[in-house]
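Participant: Below you'll find the structure I mean.
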Amino acid sequence: MTVIRRLHTAWGLAVFSVLFVLFLPPLLIPILFPSQFRLIGVINRWWAKLMFTFSFLSYEINYRAPLDRHRNYVFCPNHFSYLDIPAMGLNPVNAIFVGKSDMEKVPLFGFMYRKLHITVNRENLRSRGNTMIASMKAIDEGKSLMIFPEGGMLTPNAPAMLSFKDGAFRTAIEKKIPVVPVTIPFNWIILPDPENRLHRGTVKVIFHEPIETTGLTLADADGLKEKVYAIIDQELRKQNKL
């Protein structure tokens, strides 16, 4: 089984790389013409669907309530696996990532990521502040955001989450846009960290009902954060039969 998993992992990485090369030219359009940012979500969906299909991983998307593709949202998924990033590429709403600046170090991919998404060095106070400003500006431009509220792939005991950071919730409240809790229940089994070898399974993404922030103030950020945490945690326990 170890040999099969190594081969499967190598094949999955090759598929990801080939698709990146194929999709890089169309991704240059929103890089060169920022007003075409909606193409980022369209291309990400095609990339994710083709990657999972050719990597022999089935995928399933569940919606607990309709999502309006013309509205802005802040999407908050749990984060246990590197597979979570392409999984969120399945998002039906065109959105950009707010993610760790470490991604910028990946040759070529880092260039694309830095130009199309928002990066943050969580160890640097100034970087965190600039990320908040960039996130607010992105929303004003009509973009939705995907933010892993744990601050990275940090928990040692998946599927138990760590406590959430404040940024996603403060941003949503400031801009009066809904927060969408997102549960990704099985990626920690399919591509576990730090093993990082593919296992057979279904990539499942559950988009919960959006939580409106109209009428909330920054004093309500902790309550909103706790509500989102509870929704995802309950779903993780249910899906993993804990």
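The values are calculated or read from the model by the stated rules, or taken from the named source; none is laboratory data. As the structure is a prediction and not an experimental result, all values here were calculated from the model. Cβ coordinates were reconstructed from backbone atoms using ideal geometry, including for glycine residues, and neighbour counts include every protein chain displayed.
Participant: Counting just the residues of region 88-137 that are free of Cβ contacts under 8 Å to residues at least 60 places away in the same chain, under 14 Å from the mean Cα position of the chain (by Cα) and in a helix (DSSP H, G or I), which one comes out surrounded by the fewest Cβ atoms within 10 Å (Cβ to Cβ)?
Facilitator: Once the filter is applied, the top-ranked residue is 103.
Participant: Is one or more of the residues making up region 159-168 out of contact with any Gly (no Cβ under 6 Å at 6 or more places or on another chain), surrounded by 19 or more Cβ atoms within 10 Å (Cβ to Cβ) and of a type in the set (D, E, K, R)?
Facilitator: no
Participant: Just for helices (runs of 4 or more DSSP H) wholly inside region 152-242: which have at least 3 residues that are touching a residue at least 12 places away in the same chain (Cβ under 8 Å) and small (Gly, Ala, Ser)?
Facilitator: 167-175
Participant: Return yes or no: is residue 138 in contact with a helix residue (DSSP H, G or I) (Cβ under 9 Å, 6 or more places away or on another chain) and of a type in the set (Gly, Ala, Ser)?
Facilitator: Criteria not met by residue 138.
Participant: In region 10-38, what count of residues is obtained for those that are in a helix (DSSP H, G or I), of a type in the set (A, V, I, L, M, F, W, C) and without any contact (Cβ under 8 Å) to a residue 40 or more places away in the chain?
Facilitator: Residues meeting the conditions: 11.
Participant: Since residue 79 meets every condition but one in (1) surrounded by 15 or more Cβ atoms within 10 Å (Cβ to Cβ); (2) part of a helix (DSSP H, G or I), which condition does it not meet?
Facilitator: Of everything listed in (1) surrounded by 15 or more Cβ atoms within 10 Å (Cβ to Cβ); (2) part of a helix (DSSP H, G or I), residue 79 misses just condition (2).
Participant: Then there's this: Would a scan of region 62-72 turn up a residue that is hydroxyl-bearing (Ser, Thr, Tyr), in contact with a strand residue (DSSP E or B) (Cβ under 8 Å, 6 or more places away or on another chain), surrounded by 20 or more Cβ atoms within 10 Å (Cβ to Cβ) and modelled with pLDDT of 95 or more?
Facilitator: Among the residues of region 62-72, not one is hydroxyl-bearing (Ser, Thr, Tyr), in contact with a strand residue (DSSP E or B) (Cβ under 8 Å, 6 or more places away or on another chain), surrounded by 20 or more Cβ atoms within 10 Å (Cβ to Cβ) and modelled with pLDDT of 95 or more, which makes the answer no.
Participant: Suppose the filter is closer than 24 Å to residue 92 by Cβ, of a type in the set (Ser, Thr, Tyr) and in contact with a strand residue (DSSP E or B) (Cβ under 9 Å, 6 or more places away or on another chain); does residue 127 pass it?
Facilitator: no
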